[in-house]
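Here the structure comes first, spelled out in structure tokens, and everything after it is commentary.
The values are calculated or read from the model by the stated rules, or taken from the named source; none is laboratory data. Predicted model, so just to flag it, every value in this text is computed and none were measured. We place every Cβ from the backbone using ideal geometry, glycine too, and count neighbours over all the protein chains shown.
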Amino acid sequence: MSLKLENVTGGYTQVPVINNITFEVNPGELTGLIGLNGAGKSTTIKHIIGLMMPYSGEISIDGLTLRADTERYRRSFSFIPETPVLYEELTLREHLEITAMAYNIPAAEAMEKAMRYIKEFRLEDKLDWFPAYFSKGMKQKVMIVCSFMVDAPVYVIDEPFLGLDPLGIHSFLEMVKEKKKQGAAILMSTHVLASAEKECDNFILLHHGEVKVTGTMADLQKEMNMPGASLDELYISLTKEALPS
Ligand SMILES: Nc1ncnc2c1ncn2[C@@H]1O[C@H](COP(=O)(O)OP(=O)(O)OP(=O)(O)O)[C@@H](O)[C@H]1O
């Protein structure tokens, strides 16, 4: 199933932010959403996950839209936010349980799926801990486990690298590869361009709320007439007008 944005324009009540955005995230592929601070990445993601409604245009997952079938649309994707959002009064185990309930996954099956990720992140002795005792990276890992324990066709991931240690990043990337192999379409926003260049199959370069260029590294290099350029170089060139001279 693919995630499709067609001519999406949107923003906050008085502040238009994204303008006529069109792109597609295909099954089995990791697509990087790249842009400067304020480019509109989080706003785009908020529209995809249904926290905001577009002024115009359409967002669909395999033809399914939020407007037409809210519940099925919401169950078609799983989201990892940039800032972990955990319930202070629930333990790690209870977070796994409510995620299973939200997605209608039988409890035993959900725990079996979750435990693979819990072990990979070395959290198995923390199942009965409350979030107040977790570090920032541990909270981020809980969000990743809650998202990946759901077998969704689409994953939306907002800046996953910043709170994780190198071992955590390695484990996370292995999980992403596994999801890709299973055919998931994954959209990931990040500023960590070296990792994005290495790991992503496709890129969407956003600037001032508009999609400037999309495609593989080879497509971007060709489109921007910069053969052999790194993602870092392409990105800086694209945003030069925004940098101080
Ligand atoms: N709640 C809000 N109300 C009004 N405007 C907002 C709100 N949140 C963000 N914006 C504006 O929307 C624009 C895009 O912000 P957004 O958070 O989407 O950027 P981003 O690309 O995710 O940036 P970053 O890399 O810093 O996370 C910015 O101009 C920002 O000021």
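Values computed for the structure shown
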quantity	calculated
Of residues in the stretch 1-21 being within 15 Å of Asp62 (Cα to Cα) and not small (Gly, Ala, Ser), the one farthest from the ligand (Cβ to nearest atom)	Met1
Qualifying residue in the stretch 58-71 (condition: charged (D, E, K, R), surrounded by fewer than 21 Cβ atoms within 10 Å (Cβ to Cβ) and within 16 Å of the ligand (Cβ to nearest atom))	no
Residues located in the stretch 203-213, provided they are farther than 12 Å from Leu234 by Cβ and out of contact with any Pro (no Cβ under 8 Å at 6 or more places or on another chain)	Ile204, Leu206, His208, Glu210, Val211
Some residue of the stretch 220-233 being in contact with a helix residue (DSSP H, G or I) (Cβ under 9 Å, 6 or more places away or on another chain), within 16 Å of the ligand (Cβ to nearest atom) and either assigned to a helix (DSSP H, G or I) or not small (Gly, Ala, Ser) (or both)	yes
Scan of the stretch 27-44 for residues that are closer than 14 Å to Met188 by Cβ and assigned to a loop (DSSP other than H, G, I, E, B), ordered by number	Glu29, Gly35
Checking Leu206 against (1) in contact with a strand residue (DSSP E or B) (Cβ under 6 Å, 6 or more places away or on another chain); (2) in a strand (DSSP E or B), the condition it does not meet	(1)
Ser76 being farther than 26 Å from Tyr235 by Cβ and at pLDDT 95 or above	no
Any hit, the stretch 35-54, residues being away from the ligand (no atom under 15 Å from the Cβ), among the hydrophobic types (A, V, I, L, M, F, W, C) and assigned by TED's automatic domain parsing to the domain that holds Ile186	no
Some residue of the stretch 125-136 being surrounded by 19 or more Cβ atoms within 10 Å (Cβ to Cβ) and either outside the structural domain of Pro27 (by TED's automatic domain parsing) or touching a residue at least 40 places away in the same chain (Cβ under 8 Å) (or both)	no
Flag if Ile98 is assigned to a helix (DSSP H, G or I) and farther than 22 Å from Glu174 by Cβ	yes
